[in-house]
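Single-structure report; data block below.
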Amino acid sequence: MARSPRALTLAAGVLMLALVPVAAELLDQPFYVDLFRRIMIFAIAALSLDLILGYGGMVSFGHAAYLGIGAYAVGVLTHHGIANGYLQWSLAILGSALVALAIGAVSIRTSGVYFIMITLAFTQMLYYLGISIEEYGGDDGMRLAVRSQFPGLLDLRNATAFYYLVLGILLLFLLLGQRLVDARFGMVIRAARSNEPRARAIGFSPYRYKLTAFVISGAMCGLAGALLVNQTEYLTPEFMHWTRSGEIMFMVILGGIGTLMGPVLGAAVFLLLEDVLSAWTVHWQIILGPFLVLVVLFAKKGLIGLVPDEAAPGG
Amino acid sequence: MILLVLEQTLNGLQYGVMLLLMAAGLTLVFGIMNLVNLAHGSLYMVGAYLATGFYQWTGSFLASVALALAATLVVGIVVEVVALRTLYERDHLDQVLATFGLILFFNELIAIVWGRAALYSSLPGWLSGHMQVLPGVRYPVYRALVILVGLVVAALLYLMVTRTRLGMLIRAGASNRTMVAALGVNIRLLYTVVFGVGAALAGLAGLIAGPIYAVQPGMGEQILIQVFVVIVIGGIGSIRGAVVGAVIVGMVDTLGRAFLKPVLSIVLSPSAADTAGPALASMLIYMLMAAVLAVRPQGLFPVR
Amino acid sequence: MGEPLLEVRGLTKSFGGLIATDRMDLDVTEGETHAVIGPNGAGKTTLLSQLSGDLRPDAGLIRFVGEDITHLGAPARSMRGLARSFQITSIFKDFTALDNVALAVQAHAGSSFRFWRPARRERALREPALEVLRTVGLAERSELMAANLAHGEQRQLEIAMALATRPRMLLLDEPVAGMGLDESQRMIRFLQSLKGRQTILLVEHDMDAVFALADRISVMVYGRIIASGRPEEVRVNPEVRQAYLGEDTLL
Amino acid sequence: MRTTIRASLIFLHTALMAVSPAAAAETVKIGFITSLSGPAGIIGKHMKDSVELALDHLGRKVGGLDVEIIYGDDQRKPDVGKQLADEMLKKHRVHFVSGIIWSNVMLAVAPTVTQAGTFMIGTNAGPHELAGKMCNELFFTTSWQNDQTPEAMGKYMQDQGIRDVYAMAPNYAAGKDMISGFKRYFKGRVVDEVYTKLGQQDYQAEISQIRAAHPKAVFVFYPGDMGIQFVKQYVQAGLREQIPLYSVYTIDEVTLPALKEVAVGIFETRYWSPDLKNEANQKYIGDFRKKFGYTPSFYGTQSYDGILLIDSAVRAVKGDLSNRKGMIAAMRKADYKSTRGTYTYNVNHFPIQNFYLLKTVKGAGGEVEMQIQKTVFENHKDAYYQDCGMKW
């Protein structure tokens, strides 16, 4: 394991991410701390999606919902004068988990396109709900008066401290994800994705496992939402727009579905590409669109597929 | 009041018809090729642009309709052959993403060719009046025509699916594609034709929409999601489901917008009804869809 | 012969106008190998699917070890000791052979809501799984991806998965279908080795296999059992000969 | 060069550098954020073209210094806008951030910019927060506070003695602000207030409700494509001739080409119109049409004005970009040739300006255009400036 090309890539990637603030400092380009922090936040969201998409076979086209719930948890508490980060982030995780439980309970009964569309529909509902709540800015959203506060731990106003916190969470989730997919639980959801009738025939009731995975994924994405609103210092229902769900999905596919590093890589490439292309031409979407099609058609394993892997079974 | 309810019912029907024109093509393509085509909205947009362009060029509304229909059919066939054909055997995830990419491409292409500003599109004089449906109920002629067109298309689709050889192949293809192939039918050609028909239907919806809505890049996505709600409620792949779903969604959405607030204000305070009414009205069709799927996970008319 | 292990009464299932199972009765006694035969389209696989819980019957009763299981789903039946193999090979193709079997063991070895310890390093799962693979003769192939196994091996793997759930009764849907002569001989020998230790309900087309294995045979035609008895009784039953007119030579 | 020393880090730097920062103190750097892609991209185009025209008029110099403009596409998303602002501040080290169409993007961006000690020159969005409690000495706008325009319409309709008005807007914050701004001056009976789904396409149901309610007039706020669809359908339903339509931000030079004669007879209020007779405006309109081949909108004039305002500030401090106090003082004078004519700044750095009633008419050449009918407000102040703590 330690010597496999992917492990080396992971190590190199982590090292590079860890050095970003140092490099930014040396080059006097603090912007890159912000940019890479944003990338890592979306990487967390993409990673959470991949747990159910890549490993569980659940094509959720509404993952932006949890990004929104997490963001609203922080934004709403701040709005009411509660800036305590422990409280806010717990609520973000808990709230997303509960919403995921409700959405999942209905959605997982369906499959295929129905699942895609019902997750989309639920997210649309939440999006319009967000737009309608005037108290929290409606469509305009509202500014976050202060970033979440962690007295005695760290200060999110410090760009570097915030950066390393996000990096820490990303690494933690990578580790948790790795344990999860290899543990008994992960084997069940992967088996159900591979062949659900067979999984049922040997005695698994996939529904409970899939629902649990869905909730875990939602909770993780909720934390990403809490991070995103702190990054942006702005709360907006735009976080829940359906194209956002599509983008997160694209990050997963671009990087490599059914792997843990893939979504991280995908988030980085997608956001950097967007940044570079949109600075280059206003018609950047005419490049991004066909690029997306080509990735889907010809690079099924995503970018991570370019890095050789020892025959890791089961996926 | 009764006249108003009647008029709103007519409005709901008319909106349902617009949704049906889109939904029919989408559900046809799904039912037969098992393809989730998010770019269906792009074909709708193409139809609207071409019709607007042809109208300005020819000066004849009817000629522009005919030309735009034919042209959208061609565009649909080209898209099918170039990009979508390879997606039939892929899973839904790939289809969703690739066609999402196509949306970006088409929107930008249209923006490059026609600019980002909304186009001027209007009705010929003979269609812009209104008629007396019932004493006290005036209805725009064009909207009445839309209802008529929708009913005709629905009838034609029904006949095509139940009475023609193509329809038979379509039904057979939906249930057993190897069998159809074994019968010596060129299945590739069949798929291309079906996709072309679906595209033309989307184009028809688009060109009808042109004079009522804003003709601009991205116009397809605004209606697309609602169309998905329609076919999901109806049962994906079922023409009958699309018809029923479209009418239900059209009615629920229209009547919700019209009467939800007054009804709510009976039970709630006026200001609460002011807030809750529009919020609920915009979520109504999604709630309906969730409710339908909770009870019937395959929609109202499951295909398989 | 005491209480039958599996008891089917009045089982009925129809698809549209087509009746696949028609008020059918069937008993399987503990320890026996019971074969259900019948011409194509007689409804054998539909019967098996109803027994395993993959299909809901329209009417009738299924009792297993004295318990009414008619309304239980497939997982619950698996938990009660019913294990099936599928006519069309159904395995986890992107897992190794050993993973496949270990998953079956896992389903019957305590809770799977465990999130931390790698399942592939749980000896309590791997060792019994390897043991079962050894019994079916796939031990050397255990680390191969299931998709890369030969067809016959995949059929063996399927039986191994069923066995790994430690079932009280095996439901086998054409275990030798599509196999070469050698492979099917090996499979038949293996199933013979289970005889007596394992109750088996077998649906099979291959008459060699049926007569080599079955203690009792039930003949199914148009959704009904028309004859049931020991192989030599069934072989001479005129109704059966009638139903199998074209296939005389086989009998 | 620092970068040559740290060669190992160059890849990171160069790979991400879309625009190379040939930083020289003599160059004024302006970051201009607007929506360039997506349906709203048309507004961004009006703004961007106007910025370019302003630079042409200034001889490609701002305050006598070389100028570099960095455009950013916010995609109408607040978080993307915020990221662009960070990029402009920290990577490009701009001296001014300008542009911004949407209130929500503005609310995300403006504090980020001003907290970094950089000027934010808004050229469209005027959310009330920035006019009131969140006002800042580094924030200026060349547009208006959101409520002012509907206030003018409310005033006009009140003055006309119109009663029984039916009010409609999309169901989002700006929609509600518009109606409350309208009601601040309109004291007659509001038959009903209806909020429709944001981005709604079909208004036939609402139009039937309007007809049934028999109002004397209809007031709406439907920006962009929503406006095109609402107005078309309103006219197709034959209501234009029965119930006059008064609107804000619905008929403008962006939507007019898509509406043409459909919009004839509809009233708008606004602080600017293409037919405003002042030298700066006529020069702007004339040159704009010549260069870009279409008629600019108020989005354009504001952006044009924004660059001129920056120019006036840099000129006043003789190119000393570190002299913030001097530039603030200069901008407060609004000492430049605005396309709206002269105006002054309120304490919150929002313009005190006239508002006019406009009507869509068929012009002499057969072209459909908007013309000023009368002045509704002279030197109108916004409703929030008293909440702003700035004193000067």
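Could you count how many residues in segment D:189-213 are among the aliphatic types (A, V, I, L, M), more than 7 Å from chain B (Cβ to nearest Cβ) and open to solvent by 10 Å² or more (accessible area, probe 1.4 Å)?
Filtering segment D:189-213 for residues among the aliphatic types (A, V, I, L, M) gives D:190-191, D:194, D:198, D:205, D:207, D:210, D:212-213.
After this cut, where a residue has to be more than 7 Å from chain B (Cβ to nearest Cβ) as well, the list is D:190-191, D:194, D:198, D:207, D:210, D:213.
Checking the rest, the ones that are also open to solvent by 10 Å² or more (accessible area, probe 1.4 Å) come to D:190-191, D:194, D:198, D:213.
Residues meeting the conditions: 5.
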request  = Collect the residues in segment C:136-146 that are touching a residue at least 40 places away in the same chain (Cβ under 8 Å) and open to solvent by 80 Å² or more (accessible area, probe 1.4 Å), keeping them in residue-number order.
outcome  = C:Arg141, C:Glu143
query = From the list B:Ala258, B:Ala276, which one is within 13 Å of chain A (Cβ to nearest Cβ) and over 20 Å from the mean Cα position of the chain (by Cα)?
reply = B:Ala276
key: Residues of segment A:248-287 classified as surrounded by fewer than 20 Cβ atoms within 10 Å (Cβ to Cβ), more than 12 Å from chain B (Cβ to nearest Cβ) and β-branched (Val, Ile, Thr), total   = 2
task = Sort out for me the strands (runs of 3 or more DSSP E) sitting completely within segment D:60-155 that have 2 or more residues that are acidic (Asp, Glu).
result = D:65-73
inquiry  = Just to be sure before I move on: is D:Met120 more than 12 Å from the chain's Cα centre (by Cα), modelled with pLDDT of 95 or more and assigned by TED's automatic domain parsing to the domain that holds D:Val28 in the structure I sent?
reply    = yes
Odd one out for C:Arg166 among (1) at positive phi; (2) modelled with pLDDT under 90 = (2)
query = So, of the residues in segment C:64-83 that are open to solvent by 10 Å² or more (accessible area, probe 1.4 Å) and of a type in the set (D, E, K, R), which turns out to be nearest to the other protein chains (Cβ to nearest Cβ)?
reply = C:Arg80
task = Give the number of residues within segment A:109-151 that are closer than 30 Å to B:Arg296 by Cα, more than 20 Å from the chain's Cα centre (by Cα) and more than 14 Å from chain D (Cβ to nearest Cβ).
result = 6
note = Reported set for segment C:153-181 where residues are in contact with a Gly (Cβ under 7 Å, 6 or more places away or on another chain) and assigned to a helix (DSSP H, G or I) is C:Gln156
task = Return the total of residues in segment B:90-138 being at pLDDT below 85, within 25 Å of the chain's Cα centre (by Cα) and open to solvent by 60 Å² or more (accessible area, probe 1.4 Å).
result = 1
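Going by the conditions given, is A:Tyr55 open to solvent by 10 Å² or more (accessible area, probe 1.4 Å), in contact with a strand residue (DSSP E or B) (Cβ under 8 Å, 6 or more places away or on another chain), under 24 Å from A:Thr119 (Cα atoms) and not basic (Lys, Arg)?
It is false that A:Tyr55 is open to solvent by 10 Å² or more (accessible area, probe 1.4 Å), in contact with a strand residue (DSSP E or B) (Cβ under 8 Å, 6 or more places away or on another chain), under 24 Å from A:Thr119 (Cα atoms) and not basic (Lys, Arg).
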query = When only residues in segment A:2-44 that are free of Cβ contacts under 8 Å to residues at least 24 places away in the same chain and in a loop (DSSP other than H, G, I, E, B) count, which is surrounded by the most Cβ atoms within 10 Å (Cβ to Cβ)?
reply = A:Gln29
key: Out of A:Leu175, A:Leu171, sole residue that is within 23 Å of A:Tyr55 (Cβ to Cβ), open to solvent by 10 Å² or more (accessible area, probe 1.4 Å) and touching a residue at least 24 places away in the same chain (Cβ under 8 Å)   = A:Leu171
inquiry  = If the requirement is being open to solvent by 20 Å² or more (accessible area, probe 1.4 Å) and either within 14 Å of chain B (Cβ to nearest Cβ) or closer than 30 Å to A:Glu135 by Cα (or both), which of these qualifies: A:Pro197, A:Pro290?
reply    = A:Pro290
task = Please note which strands (runs of 3 or more DSSP E) are completely contained in segment C:1-71 and include at least 1 residues that are free of Cβ contacts under 8 Å to residues at least 24 places away in the same chain.
result = C:6-15, C:18-28
request  = Looking only at segment B:254-261, decide whether some residue is within 29 Å of D:Glu193 (Cβ to Cβ), open to solvent by less than 30 Å² (accessible area, probe 1.4 Å), in contact (Cβ under 8 Å) with a residue 40 or more places away in the chain and in a helix (DSSP H, G or I).
outcome  = yes
query = Does segment B:291-303 contain any residue that is more than 12 Å from the chain's Cα centre (by Cα), open to solvent by 50 Å² or more (accessible area, probe 1.4 Å), more than 9 Å from every other protein chain (Cβ to nearest Cβ) and modelled with pLDDT under 85?
reply = yes
message = When the residues of segment C:108-129 are narrowed to those that are outside any loop (DSSP other than H, G, I, E, B) and open to solvent by 10 Å² or more (accessible area, probe 1.4 Å), which ends up nearest to the other protein chains (Cβ to nearest Cβ)?
response = C:Pro118
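The values are calculated or read from the model by the stated rules, or taken from the named source; none is laboratory data. All of these numbers come straight from a predicted model, not from anything done at the bench. Positions of Cβ are generated from backbone atoms using ideal geometry, with glycine treated the same way; all protein chains shown enter the neighbour counts. To get the accessible areas, we keep the full protein, side chains included, count just its heavy atoms, and leave off ligands, DNA and RNA. Shrake-Rupley method; radii C 1.70, N 1.55, O 1.52, S 1.80 Å.
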